[in-house]
Amino acid sequence: PFISRQLMLQAGCGIWLAGVGFMALFGLISTCQWRKRVQTAVRCEDGLWRSESVESPFILGVLRPKIYLPFVLPFGAESHVIAHEQAHLKRRDPLWKCFAFALLAVYWFHPLVWVSYFLFCRDIELACDEAVIRTLGEDAKADYSRALLRCATRPKAVAACPLAFGEVGVKKRVSNILKYR
């Protein structure tokens, strides 16, 4: 049977639109789930919130991003964690990550775009680590690395939320920090 070129084009367009819709829906639902999870968070400082439902520090939001921390952080890790999350805010990483996810949603069918997105997310974390070390000085490398290791948790839902930052690739990050000059 003969299938017209126009019918194939319409089918391909429909599949592409379904993929874009799925990605947009995924981003919206995961962000809403995290917003609901942290809705009982307590404000500590401007843009800094603590929540009992948070296991690892992260940022949530694009236009008005907020830093969410667990109520209890390992001893000596708090200042390093806050410095790292504030580096994300200074660099406007939430906005860049949103833009990158939008590109991923449009080009969801291309495997290299997926690879690029995950490498982009990793590079954002590495860049913030380097910014913190640059600010705190070479002497802070060991303490900062220990803080990363103490706050590391198994990868979980934060990594799946396209508009949140969580702990990603801690082993690679610690190695990069110790080699940074």
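The values are calculated or read from the model by the stated rules, or taken from the named source; none is laboratory data. This is a predicted model, so every value here is computed, not measured. Glycine also receives a Cβ, built like all others from the backbone with ideal geometry; neighbour counts cover every protein chain displayed. Please note that ligands, DNA and RNA were not included when accessible areas were found on the heavy atoms of the full protein model with its side chains. Shrake-Rupley method; radii C 1.70, N 1.55, O 1.52, S 1.80 Å.
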Fill in: Solvent-accessible surface ranking, highest first, for His80, His110, His88 at 1.4 angstrom
His110, His80, His88
Practice prompt. Calculate the dipole size of the chain relative to its Cα centre from +1 charges on Lys and Arg beta carbons and -1 charges on Asp and Glu beta carbons; express the result in debye to the nearest 20.
Written response: 280 debye
Worksheet entry | Unit charges at the beta carbon, dipole of the chain: most positive-side option, Ala24, Pro94, Gln10 | Gln10
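At most 14 other Cβ atoms within 10 Å and a DSSP loop assignment: could you name the trypsin sites (Lys or Arg not before Pro) in segment 20-126 that fit? Let's see the in-between values first.
On the way: sites: Arg35, Lys36, Arg37, Arg43, Arg50, Lys66, Lys90, Arg91, Arg92, Lys97, Arg122; in loops: Arg91, Arg92.
Loop-located and lightly packed - Arg91, Arg92.
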Worksheet item: Which label belongs to the value computed from this structure, given these candidates for mean projected area of the Cα convex hull in nm²: (1) 10.7; (2) 11.4; (3) 12.5?
Response: (3)
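Using a probe of 1.4 angstrom, how much of the accessible area of the chain is carbon and sulfur, in percent? Could the numbers behind the result be given before it?
On the way: 7180 of 11110 Å².
Looking at the chain in its full context, I get 65 percent from C and S.
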Worksheet item: Using a 1.4 Å probe, how large is the accessible area of Leu7, given in Å² and rounded to the nearest 10?
Response: 90 Å²
Fill in: Positive-pole candidate from Leu112, Leu126, Ala77, dipole of segment 38-159, charges at beta carbon
Leu112
Fill in: Eligible lysines near Lys90 by straight Cα distance, threshold 20 Å, same-chain separation 8 or greater
Lys66
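Go through Phe120, Phe109 and list them by solvent-accessible area, largest first, probe radius 1.4 Å.
Details: Phe120 65, Phe109 110 Å².
From most exposed to least exposed: Phe109, Phe120.
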Worksheet item: Residue by residue through segment 15-31, which ³J(HN,Hα) values in whole Hz follow from phi under the Karplus form 6.51 cos²θ - 1.76 cosθ + 1.60 (θ = phi - 60°), with glycine and proline marked x?
Response: 5, 4, 4, 4, x, 4, x, 4, 4, 5, 5, 4, x, 5, 5, 5, 5
